[in-house]
Amino acid sequence: MKKKMFYRILLVVIVLAAAGGIYAYYLWNMPHRDVAAAEIDYHIEATELVNEYLADERTANMKYLDESGDSKILAVTGTVHWVSKNMNDDVVVILKEAGEKAGVQFTFSQDAGNDVAGLQKGDIATIKGVIRSGAKYDEIMDLYLDAIVDKGLLISQN
C-alpha cells in the first residue's frame with residue numbers, strides 16, 4: 001500500500017516538473033517585442049517624462065504602462081548629454097537638458113541595427129523605446145536616478 005502511494009506521488013511530481021519545464025522553455029523562447037515595428041503611443045520631451053515620474057511615480061506608471069505592466073511605446077525627444085557603451089558593448093545614450101536633475105537613459109542593443117555612431121553631446125535626438133524604470137530620487141545615495149528606456153531605436157537627430 002505504501003509503495004503504491006509512493007509511486008503515485010512520484011508520478012505527480014514528475015508530471016508537475018515536466019509541465020514546469022515545458023512552460024519555462026516556452027517563456028524563454030517566446031518572441032521578443034518588436035519595438036521598431038510597433039506604433040508609438042506617446043511623443044514626449046525627456047524633461048517632461050522625468051518630471052512626471054519625479055512628481056508622482058504611480059500616476060506616471062498608470063500612464064506609460066498597460067494593464068499587464070508592459071511599457072507602452074515612447075518616442076522621447078531631448079538633448080544628447082552623454083554617449084557611451086555598457087559592459088555588453090551596447091550603446092547607451094542619455095537625453096538630458098542642462099541643469100536638469102535627471103535624464104532619460106536609452107540602451108541600443110547591437111542587433112537592433114541602429115546607426116547611433118554619429119550621435120554627439122549637444123545633438124537633439126528623438127529615440128523610440130520601452131520604459132523600464134522611471135526617474136526617481138534615491139535618498140540613500142542622495143542623487144537623482146535617470147529614467148531607463150530599453151530597445152532604443154533612433155528616429156531622428158539634428
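We did not get these values from a lab; they are worked out from the coordinates using the rules stated. Because the structure is a prediction, the values reported are computed rather than measured. Note that each Cβ is placed from the backbone with ideal geometry, even for glycine, and that neighbours are counted across all protein chains shown.
The table below lists the values:
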quantity: Environment charge of T79, counting only residues whose C-beta is closer than 12 Å and scoring Lys/Arg +1, Asp/Glu -1; calculated: -2
quantity: Highest-MSF residue in the chain out of A18, A147, A102 [GNM, Cα springs under 10 Å]; calculated: A18
quantity: Cα centroid of segment 1-61 to Cα centroid of segment 65-115, whole Å; calculated: 23 Å
quantity: Residue-count net charge about E48 - beta-carbon cut-off 12 Å; Lys, Arg +1, Asp, Glu -1; calculated: -3
quantity: For the chain, built as a Gaussian network whose Cα springs stay under 10 Å, the top-fluctuating residue of V130, V13, V83; calculated: V13
quantity: Around G103: net Lys/Arg minus Asp/Glu count, Cβ-Cβ under 13 Å; calculated: -1
quantity: GNM flexibility winner over the chain from Y53, Y42, Y23 (Cα, springs under 10 Å); calculated: Y23
